[in-house]
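Notes follow the structure.
A short reminder: the numbers here are calculations on the coordinates, not readings from a lab. Since the model is a prediction, treat every value here as computed from it, not as a measurement. When we count neighbours, we look across all protein chains shown, and the Cβ atoms used for this are built from the backbone with ideal geometry, even at glycine.
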Amino acid sequence: MKTHQPPQNGKHSKIAVFPGQFDPITKGHLEVIRRGVARFDELVVGVGVNPSKAEFFSLSERAAMIRTLVSDMPAVRVEKYTGLTVDFVRQCKASVILRGIRDVSDLRNEFQLALTNRAIGDVETVFIMTGDQYALTSSSLIRQIISMGGDVRKLDAILPDLIIEKLLTLKRRGLKKSTEPDTPST
């Protein structure tokens, strides 16, 4: 694994933001983070809110889980945010959005977002293709499987052990969302 090196010869560091809801974060997301951190001086994982999707975990819970899972990557920082992603990218002093692509459907949707982000925020998007073992993985599908009584332990090929433990705890609570307040502060 590449270790984080500060920029050489007075060059400005290249900061990228990998935004998402990450509810829950998957091994596919973690693969994109690992591959992205090798290409940028710093990678900010932006844990956001999607108002059109129901959430299993609060913003704070998701950020804490991700921090634990990336603790061995010093060039990765995890931040919570609300609002437009391009505004968050500017706040992070980044110029690039990193996105993982699983299939042609992702590419179509992400292409439209990338063009919009470039038009309204002057922010470029870099795409990384996920590994084929994660091409059929989506957090929405995982939430649906769990909501309908599926065995989360059978998802060990696509979910980190920490996430499986948290989902089992959530399932024992009756899938009730945490009452912890969701605040975007870090």
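May I ask you to derive the FRET efficiency for Leu113 and Thr68 from their Cβ-Cβ distance with R0 = 35 Å, giving the value to the nearest 0.05?
0.80
In nm, to one decimal, how far is the modelled label at Asp156 from the one at Ser140, with both set 7 Å along Cα→Cβ?
The modelled label-to-label distance comes out at 2.9 nm.
Taking the chain as a Gaussian network, where each spring joins two C-alpha atoms under 10 Å apart, which residue of Ser139, Ser95, Ser52 fluctuates the most?
Result: Ser52 has the largest fluctuation of those listed.
In the chain, how many lysine pairs have Cα atoms under 16 Å apart, counting only pairs 8 or more places apart or on different chains?
For the chain, qualifying lysine pairs total 12.
In the set [x] 15.8, 45; [y] 16.4, 55; [z] 20.3, 71, which value of Rg and Dmax of the Cα atoms in Å was calculated from the structure you see?
[y]
If each residue of separation counts as 0.36 nm, what is the full-extension length gain between Asp87 and Gln133 once their alpha-carbon separation is subtracted? Mind showing how you got there, number by number?
On the way: separation 46, 0.36 × 46 = 16.56 nm, distance 3.28 nm.
Net length gain for the segment: 13.3 nm.
Asn50 to Lys14: FRET efficiency via 1/(1 + (r/R0)^6), r the Cβ-Cβ distance, R0 30 Å, to the nearest 0.05?
0.65
For Asp122 and Leu168, FRET efficiency with R0 = 41 Å and r from the beta-carbon atoms, rounded to 0.05?
Result of the calculation: an efficiency of 0.40.
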